[in-house]
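For reference, the structure discussed in these notes is given below.
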There are 2 protein chains.
Amino acid sequence: MTIMDKLVTASEALFDRHGFTATGMDKLTQGAGISSRTLYKHAGSKNALIARVLGERDKRFARRLEVESIDALFKALEDWVRVEGARGCLFLRALGETGGDTPEIVDAVLAHKARVAERIAVLVEGETGRDDPMLVEQIIVLFEGATAAAVYRGEQAVVAARQAAASLMAGAGS
Amino acid sequence: MTIMDKLVTASEALFDRHGFTATGMDKLTQGAGISSRTLYKHAGSKNALIARVLGERDKRFARRLEVESIDALFKALEDWVRVEGARGCLFLRALGETGGDTPEIVDAVLAHKARVAERIAVLVEGETGRDDPMLVEQIIVLFEGATAAAVYRGEQAVVAARQAAASLMAGAGS
DNA sequence: TTCAATGTAAAACGATCGGTTTACACTGTC
DNA sequence: GACAGTGTAAACCGATCGTTTTACATTGAA
């Protein structure tokens, strides 16, 4: 495990549990077991570290979304919530905490959201056989809503989203 | 306009645009045009101020949700987004920034979410004539998802949520 | 065996954090 | 005309912020 891996892993957990602004550099160096000099040599700055954490999370999340149906997509989200917990979308949380004033963070968030939206668009077109932007938008909203609502309603929110998606997909025929 | 009104109004705007942790007390006093001593005499502490801001926002939001159908509920959300902008649910953002470690904030968030869920439950039962917990959960997810997705997809997310809700409500017959 | 690279620990930078305190001006009322 | 109440301005508290720096240990290759 490289220094960067240790740093990113520890940082992601700390950011996720305590927030980005509330997590100081000392907590990050302490969590990763490295000196502050090493952190800055590798990460450059706190904002760059946040952007890198988001980038790595995006990759890990995308790996989970390598499925072949909308139904499996929501099942994958259910697994994610069960394994990683439900504290809301870390990307949107980063955006909210920084007010959109940090370009590197904005870029990381938009890239992630674009990737998920594209994944959904491909799956919807694959299942329905046609380009249906409104249906795609509805699935995106359900996916986002399940992530957010799971914070205070638990897994049942994801289950409901999956069933709602199934209904909408079924009704999209012809 | 009382001191408390000025303080809460200015604080809500600052918290919403720049985040809770990133907004210092000096920005709050400066924004409200009052001294720090006056702020502490009225609000007690930063966390108490945050809780009060959330409480007032909940009231204002609830006033908007005094509608008579699920369709009107999503139209109300559309209005809200157009007027107040889409920076994500301020309650969940507060929860995320504090990691759920501040009881007064947790209470304010849960009270708000319970109120919205109850409102949705009443509307669903009023329109379908029966108690359908799964449908209620689906509408909650759509509502939450529209709020979150509007951050990066704009109003179309709310429109899609409204249409999805209409489909699900229509399919809930008997 | 010199040299650059990579790491550590720890002090220090100026700025800002949430919060308190002191000193003082203005108000309306008994 | 004393007095409590409410406000301001500003200094101050210790702590922490993100970041840089100094000084030193370890390593592997030329």
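The values are calculated or read from the model by the stated rules, or taken from the named source; none is laboratory data. Quick caveat, the model's predicted, so the values are computed rather than measured. Using ideal geometry, Cβ is built from the backbone for each residue, glycine included, and neighbour counts are taken over all protein chains shown. For accessibility, only protein heavy atoms count, side chains too; no ligands or nucleic acids. Shrake-Rupley method; radii C 1.70, N 1.55, O 1.52, S 1.80 Å.
For B:THR98, state whether it is of a type in the set (S, T, N, Q) and within 13 Å of another protein chain (Cβ to nearest Cβ). Considered against the rule, which asks whether it is of a type in the set (S, T, N, Q) and within 13 Å of another protein chain (Cβ to nearest Cβ), B:THR98 comes out as yes. Do we have any residue at all in the range B:44-66 that's buried (at least 19 other Cβ atoms within 10 Å of the Cβ), in a helix (DSSP H, G or I), within 12 Å of DNA strand C (Cβ to nearest atom) and within 14 Å of chain A (Cβ to nearest Cβ)? Checking the range B:44-66: at least one residue is buried (at least 19 other Cβ atoms within 10 Å of the Cβ), in a helix (DSSP H, G or I), within 12 Å of DNA strand C (Cβ to nearest atom) and within 14 Å of chain A (Cβ to nearest Cβ).
Has the range A:76-95 got any residue that is assigned by TED's automatic domain parsing to the domain that holds A:LEU123, assigned to a helix (DSSP H, G or I), open to solvent by less than 70 Å² (accessible area, probe 1.4 Å) and within 16 Å of DNA strand D (Cβ to nearest atom)? Yes. When B:VAL81, B:VAL124, B:VAL109 are checked against the criterion of being at the interface with another protein chain (Cβ under 9 Å from one of its Cβ atoms), under 19 Å from A:ALA149 (Cα atoms) and touching a residue at least 12 places away in the same chain (Cβ under 8 Å), B:VAL109 stands alone in meeting it.
Scan the range B:96-106 for residues that are farther than 23 Å from B:GLY154 by Cβ, free of Cβ contacts under 8 Å to residues at least 12 places away in the same chain and part of a helix (DSSP H, G or I) and jot them down. Those that are farther than 23 Å from B:GLY154 by Cβ, free of Cβ contacts under 8 Å to residues at least 12 places away in the same chain and part of a helix (DSSP H, G or I): B:PRO103, B:VAL106. Evaluation of B:PRO103 against the conditions (1) open to solvent by 30 Å² or more (accessible area, probe 1.4 Å); (2) away from DNA strand D (no atom under 13 Å from the Cβ); (3) outside the structural domain of B:ILE139 (by TED's automatic domain parsing) shows that the sole unmet condition is (3).
Looking across the range A:19-43, just one residue is more than 10 Å from DNA strand C (Cβ to nearest atom) and more than 21 Å from B:THR98 (Cα to Cα), and that is A:ALA43. Selection of the range B:144-174 for residues being closer than 11 Å to B:ASP71 by Cα, facing chain A (nearest Cβ under 7 Å) and touching a residue at least 12 places away in the same chain (Cβ under 8 Å) yields B:ALA161, B:ALA164. Would you confirm whether any residue within the range A:4-19 is closer than 15 Å to A:HIS112 by Cβ, open to solvent by 40 Å² or more (accessible area, probe 1.4 Å), within 16 Å of DNA strand D (Cβ to nearest atom) and at pLDDT 95 or above? Checked against the condition, which is being closer than 15 Å to A:HIS112 by Cβ, open to solvent by 40 Å² or more (accessible area, probe 1.4 Å), within 16 Å of DNA strand D (Cβ to nearest atom) and at pLDDT 95 or above, the range A:4-19 yields no hits at all. Condition check for A:ASP26 on (1) more than 10 Å from DNA strand D (Cβ to nearest atom); (2) part of a helix (DSSP H, G or I); (3) loosely packed, with under 15 Cβ neighbours inside 10 Å: one failure, at (1).
There is at least one residue in the range A:123-135 that is assigned to a helix (DSSP H, G or I) and under 24 Å from B:CYS89 (Cβ atoms). Here is the figure for the range A:141-173: residues that are over 27 Å from B:ILE105 (Cα atoms) and open to solvent by 10 Å² or more (accessible area, probe 1.4 Å) total 11.
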